[in-house]
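Visitor: One structure, as C-alpha cells, below. Some questions next.
The values are calculated or read from the model by the stated rules, or taken from the named source; none is laboratory data. Fair warning: this is a prediction, and the values are worked out from it, not measured in the lab. Because the Cβ atoms are built from the backbone with ideal geometry, glycine has one as well, and the counts that use them run over all protein chains shown.
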Amino acid sequence: MSDPILCISNAAIGFEYSNPLLDSVNLEVHPGEIIGITGRSGIGKTSLLRTIAGLIPPLTGKIEVSRSVGEIGYIPQRLGLITHQTVGYNVMMGALPRATFWQSLFSLPSQEYRDQARKAIESVGLSEKVLEPISLLSGGQQRRVAIARSMVQQPTILLADECLGELDAETAKGIISLITNLVKEQGTAAIIVDHNLVRASTFCDRVLQIQGTILEEVEI
C-alpha cells in the first residue's frame, strides 16, 4: 500500500482542552480514497475538517499531510466563492497558490494556469457560464465552480464540508461523479462531510461516524 496522504495520530479536536469535540482521533488516508464523515449537527465534523486544513490547531496529537502532490483543497459549507466575480475568475484563483509572487500580487496567472482553469471549467460543464457572476448561478452550479477551483489547485487532499447539502438527487449525483473523477485522475484523496449516512455509503470507500467524542468506522 502507498504511503498515506494524511496521518492523524492520537489527536484531540476542538477549542477547549477540558472539553474537546473529538478525542483520540487516529486516521490514515491513502491516495485514491474517498472518506465520508457523518454525525449529527454541531458534533465536530466541520471542526475536524478545519483542523486538517490547518485553520484550527489540534488540542493534542499530530496531524500530518503529505505535501508531495500539492496543497490542501478545502470547500467550506458556504463554498468560499467571490459572488460578485465571474466563474472564470473564481476558478483561476485556485491557481494562485502555485503562481509567482508577481502573478499572485496582480491576480495574473500564467497562460498555463489559464488553460488549466479553462479545462477545469469545461470538465464541470460550465463553459457557457465562464463570464457569469457567481450570484447568478444555482446552488449546484456554484458547487461545480468550487470543485473546478480545487481541480486547478491540484490538491494533495480535498476536504468538502456538506457539498451535497440541499441538492436534488440528480445534481448530487453529478457532484459525486466530479469528486470521484478528481480523486482517481489526480491520485489525490478526499474527505467528504455528509449528514446522509446512506448516501455517503454509496460512493465513499470508508465512512466514519462521530459518536460522542469518538470517530469510528461504519460497516458499509
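Visitor: Can you tell me which residues in the range 4-25 are within 20 Å of the chain's Cα centre (by Cα) and surrounded by fewer than 19 Cβ atoms within 10 Å (Cβ to Cβ)?
Guide: Of everything in the range 4-25, those that are within 20 Å of the chain's Cα centre (by Cα) and surrounded by fewer than 19 Cβ atoms within 10 Å (Cβ to Cβ) turn out to be 4, 7.
Visitor: Checking residue 128 against (1) in a helix (DSSP H, G or I); (2) modelled with pLDDT under 85, only one condition comes out false. Which one?
Guide: Residue 128 satisfies all of (1) in a helix (DSSP H, G or I); (2) modelled with pLDDT under 85 except (2).
Visitor: Still on this structure: Does the range 82-99 contain at least one residue that is surrounded by fewer than 14 Cβ atoms within 10 Å (Cβ to Cβ), under 18 Å from the mean Cα position of the chain (by Cα), under 19 Å from residue 160 (Cα atoms) and at pLDDT 85 or above?
Guide: Yes, some residue in the range 82-99 is surrounded by fewer than 14 Cβ atoms within 10 Å (Cβ to Cβ), under 18 Å from the mean Cα position of the chain (by Cα), under 19 Å from residue 160 (Cα atoms) and at pLDDT 85 or above.
Every residue, every condition in (1) part of a helix (DSSP H, G or I); (2) at negative phi; (3) not hydroxyl-bearing (Ser, Thr, Tyr), yes or no:
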site	(1), (2), (3)
2	no, yes, no
12	no, yes, yes
15	no, yes, yes
28	no, yes, yes
32	no, no, yes
43	no, yes, yes
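Visitor: If you don't mind, another one. Answer yes or no as to whether residue 54 is within 30 Å of residue 211 (Cα to Cα), assigned by TED's automatic domain parsing to the domain that holds residue 198 and either of a type in the set (Phe, Trp, Tyr) or at pLDDT below 85 (or both).
Guide: no
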